[in-house]
Amino acid sequence: MTVMYSFPHAGGSAANFKAFSREFPEKVAIVRPVELPGRGLRAGEPFSKDLESCVDSTLQQLPFEIGARFLLHGHCMGALLAFEAVKALERSGRPLPDALIVSGRNAPGYQTDWGLRVANLPDREFFDELRAVGGVPPGLSFAMAAQFLTIIREDQRIVHGYRPNDSSISTPILVLAGEDDGMTRPDFLEHWAKFSATKVEVKMMKGGHYFIYNQAPAFAEALLAFEK
């Protein structure tokens with residue numbers, strides 16, 4: 001049995017993977033969503049001070065077993081978390097994933113104009129921008145969005161404070177991105193090749209930024225093809 005630990009996007013939580021984990025073929029992997037501090041089942045915990053401490057606090061909760069096959073996956077911000085998680089596992093000598101899957105995220109250090117443009121917008125304008133790209137939970141109005149905006153602003157803070165170095169990992173990387181995603185660029189996606197000493201493959205899929213959440217079978221097919 002293979003387990004895939006999935007890190008959520010900025011403003012997201014383990015709950016975002018509910019349908020994805022249900023629809024993902026178990027013969028490929030069982031999806032185990034990762035919960036981050038300050039939301040969901042960890043809502044009572046303080047937000048992480050930076051991306052590295054978020055990774056450390058999360059790894060302490062993942063039940064890695066020696067000899068057990070597992071994968072790490074992250075979407076958008078979660079891709080950076082999953083990437084740094086692999087590096088932390090390498091440093092500590094703990095078991096490593098068979099592969100890292102990053103979705104909806106340019107290579108570390110490469111940001112699109114969208115991310116730069118919305119970073120300092122007032123809450124209302126920021127909310128509208130997020131809604132336009134599908135980043136607002138269905139049915140959530142601006143009047144009820146205070147907690148959601150707090151979470152995503154905190155996530156933005158740790159992402160903007162992240163300073164990646166040029167060190168690579170020994171784990172192969174599968175890069176997935178939506179063809180209509182304005183938050184990624186094909187040339188920026190290709191730069192993931194610098195961050196693995198082994199295999200890196202980029203695959204474009206149908207959809208926008210949040211394409212993975214309704215394409216679990218297609219995601220699984222891409223993963224199987226990558227692992228051949």
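In the range 41-52 there is at least one residue that is of a type in the set (A, V, I, L, M) and either over 28 Å from residue 181 (Cα atoms) or buried (at least 23 other Cβ atoms within 10 Å of the Cβ) (or both).
A quick yes/no check of all residues on (1) over 18 Å from residue 76 (Cβ atoms); (2) in contact with a Leu (Cβ under 7 Å, 6 or more places away or on another chain); (3) among the aliphatic types (A, V, I, L, M):
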residue	(1), (2), (3)
155	no, no, no
173	no, yes, yes
176	no, no, yes
180	no, no, no
183	no, no, yes
186	no, no, no
192	no, no, no
226	yes, yes, no
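Can residue 10 be described as touching a residue at least 40 places away in the same chain (Cβ under 8 Å) and among the small types (Gly, Ala, Ser)? Yes.
Just checking, does the range 57-66 include any residue being buried (at least 16 other Cβ atoms within 10 Å of the Cβ), on the phi < 0 side of the Ramachandran plot, in contact with a strand residue (DSSP E or B) (Cβ under 6 Å, 6 or more places away or on another chain) and of a type in the set (Val, Ile, Thr)? No, because not a single residue in the range 57-66 is buried (at least 16 other Cβ atoms within 10 Å of the Cβ), on the phi < 0 side of the Ramachandran plot, in contact with a strand residue (DSSP E or B) (Cβ under 6 Å, 6 or more places away or on another chain) and of a type in the set (Val, Ile, Thr).
Residue-by-condition table, conditions (1) without any contact (Cβ under 8 Å) to a residue 12 or more places away in the chain; (2) over 23 Å from residue 6 (Cβ atoms); (3) not β-branched (Val, Ile, Thr):
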residue: 120; (1), (2), (3): yes, yes, yes
residue: 138; (1), (2), (3): yes, no, yes
residue: 143; (1), (2), (3): yes, yes, yes
residue: 162; (1), (2), (3): no, no, yes
residue: 170; (1), (2), (3): no, no, yes
residue: 177; (1), (2), (3): no, no, yes
residue: 181; (1), (2), (3): no, no, yes
residue: 189; (1), (2), (3): no, no, yes
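Against the conditions (1) hydrophobic (A, V, I, L, M, F, W, C); (2) buried (at least 17 other Cβ atoms within 10 Å of the Cβ); (3) touching a Phe, Trp or Tyr at 6+ places or on another chain (Cβ under 7 Å), residue 142 satisfies every one except (2). Of the listed requirements (1) in a loop (DSSP other than H, G, I, E, B); (2) under 26 Å from residue 217 (Cβ atoms); (3) in contact with a helix residue (DSSP H, G or I) (Cβ under 7 Å, 6 or more places away or on another chain); (4) modelled with pLDDT of 95 or more, residue 107 misses just one: (2). List pairs: first residue in the range 216-228 and within 17 Å of residue 6 (Cβ to Cβ), second residue part of a helix (DSSP H, G or I) anywhere in the structure, Cβ distance under 7 angstrom, at least six positions apart or on different chains. Filtered contacts from the range 216-228: 216/20; 216/23; 217/23; 219/212. Scanning the range 135-162 for residues that are hydrophobic (A, V, I, L, M, F, W, C), closer than 18 Å to residue 112 by Cβ and touching a helix residue (DSSP H, G or I) at 6+ places or on another chain (Cβ under 7 Å) yields one hit, 159. The test for being at pLDDT below 95 and exposed (fewer than 13 other Cβ atoms within 10 Å of the Cβ) holds for residue 161. Within the option set 176, 130, 149, being outside any loop (DSSP other than H, G, I, E, B) and either within 30 Å of residue 197 (Cβ to Cβ) or among the small types (Gly, Ala, Ser) (or both) holds for one residue only, 176.
The values are calculated or read from the model by the stated rules, or taken from the named source; none is laboratory data. These numbers were taken from a predicted model, which means no experiment stands behind them. A quick note on method: Cβ atoms are made from the backbone with ideal geometry, for glycine too, and the neighbour counts reach across all protein chains shown.
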